[in-house]
Amino acid sequence: APRFSSFSSTCGGSAEDSSRKCRRQPPSPVLGASRRGSAKAPAHRRLSSQTWFFLLSSLLAVSLVSVRAGCSHEDGDDVEAPSESDGEVFESKYVMLKEGSPLSSTVSLGKHKMFLYENSNATTMGQQDRYRKLIISLEPCNGVVYLFGRKTRRCWPDPPTCCKPLTGAYSEGPPPCNNETHTVQCTWSHFHSIIDGTRDGSPTFFEIPHNSVKYFFSVYAPSEVNLDAGVTLPTFRITVLADIGAYPRPGLGGQLRAVAEEDERAFTVSWDAATFIPSTVSSIKNYYLYSSLLLTSDKKVSESVFLTPAKVMNSVCGLERNAVKYGNGVTSASCTDGVCSAKIAGILPDRRYMLNIVAESYRGFNSTYSGIIVSSDWKQTRHAFSDWSDTTTSLVGAICGTVFGVLVIGYLWIVKLYK
């Protein structure tokens, strides 16, 4: 048994016993003895588990401290604390967004508000890739606002650091960014609105793959752009929706068509019916026609903005603020071959009107079409006396005739007196 002599202290007594035991359990390369035969193996296992737990806890603590240090901008002066009217507030810093629940709020100039959206619904995550998406909508009600988003990991986006200088002659600054002097590189952001000034005052709409549990959003209001538009406190509405089949999508890109009917002093507006993807989740409940008589000074600032940052006409909350709902809703049963129409009467000659359509689904979600500006080609044909009745005309004629008769008789008496 010289072969096993080195294991006699561990494998026990005789060489035969040692041979039998040590063949079943080879020596441990680390401890030099069988784990099964060692009386201190459980203690080693407990020590190893405690060590691993300590190491993991330390790494987690270091990671949290590192992330917290990197998110120091969340405590900056340009972050506006939410109010109780915004919804459920956490850490006195951010508001929790609820699935499919629009949230209306305001944001001060030069500041941004932070929002958090969480969704770990197993049914939603188990859908096919083409349907497992997330709709993110930011509608300006009044003024210019930008949306910045980040997935999965904290920190919140930092909008004031988005405009990076192309040369050393310029400094880092907040949006909108001048493409001639700056490049757009937003810190802690995976996606954001167009912030080069070409779409200021227009809604922001994203439909992205839903592959994260947490989404961090910041809504920022630039100072100079809003002040130039006469807006001191921008208002907005933000919606996050994972059940994308409940959202009505305007047909034909939201284009509207209008035909004037001079005989009736009216316009007939037509549009393509809204669609749903997937089509089995919801359907159209009503279409609503909104109209507004425009002032002479109301002009579009660009082709992508309808109408101006101070008078937004292509968002639901903007229409509710700046326009009037005309008549009752139009149901999908009134549409023919996928084309719907509505008539607006009582149009004043030589005036401009804004017309737009809001589509409402049975699930309660709304979307707007792109809107259209119409003006009447017919001229005012009525004169100042067209509203007078026959009696009024006869009375005025009689009075004028009497006065004229008195003047004639007086003239004849004067002539006769001096003849």
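The values are calculated or read from the model by the stated rules, or taken from the named source; none is laboratory data. These numbers were taken from a predicted model, which means no experiment stands behind them. All Cβ positions, even for glycine, are placed from backbone atoms using ideal geometry, and neighbour counts span all protein chains on display. We work out accessible area using only protein heavy atoms, side chains counted, and drop any ligands, DNA or RNA first. Shrake-Rupley method; radii C 1.70, N 1.55, O 1.52, S 1.80 Å.
At a glance:
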| item | result |
| --- | --- |
| Local electrostatic count, N142, Cβ distance below 12 Å [Lys/Arg +1, Asp/Glu -1] | +1 |
| Filtered GluC sites (Glu not before Pro), segment 63-166: DSSP coil and at most 15 other beta carbons within 10 Å | E88, E91, E99 |
| Exceeding the 26 Å Cα-Cα cut-off - candidates K93/K214; K93/K285; K133/K299; K164/K299; K299/K343; K113/K299 | K93/K285; K133/K299; K164/K299; K113/K299 |
| Set of segment 343-362 residues, backbone N closer than 20 Å to the point 7 Å along the Cα-Cβ line of A260 | 343-356 |
| Pairwise label distance in nanometres, D196 with L293, each label 7 Å out on the Cα-Cβ vector | 4.1 nm |
| In sequence order, calculated HN-Hα J values of segment 252-260 (Karplus, 6.51, -1.76, 1.60; Hz; x Gly/Pro) | 6, x, x, 6, 10, 10, 10, 10, 7 |
| Surface share of carbon and sulfur [accessible, 1.4 angstrom probe, percent] for segment 64-139 | 47 percent |
| Relative contact order of segment 149-266, defined on C-alpha pairs under 8 angstrom at six or more residues apart (%) | 26 percent |
| Total formal charge among the other residues, if their Cβ is under 12 angstrom from that of P278, Lys/Arg +1 and Asp/Glu -1 | +3 |
| Radius 14 Å from Cβ of N121, net charge of other residues (Lys, Arg +1; Asp, Glu -1) | +1 |
| Karplus (6.51, -1.76, 1.60) ³J(HN,Hα), θ = phi - 60°, over segment 111-121, in Hz, Gly and Pro reported as x | 10, 9, 9, 10, 9, 10, 10, 10, 7, 10, 4 |
| Full-stretch length increase - K93, R153 - with 0.36 nm per residue and alpha-carbon distance subtracted | 19.9 nm |
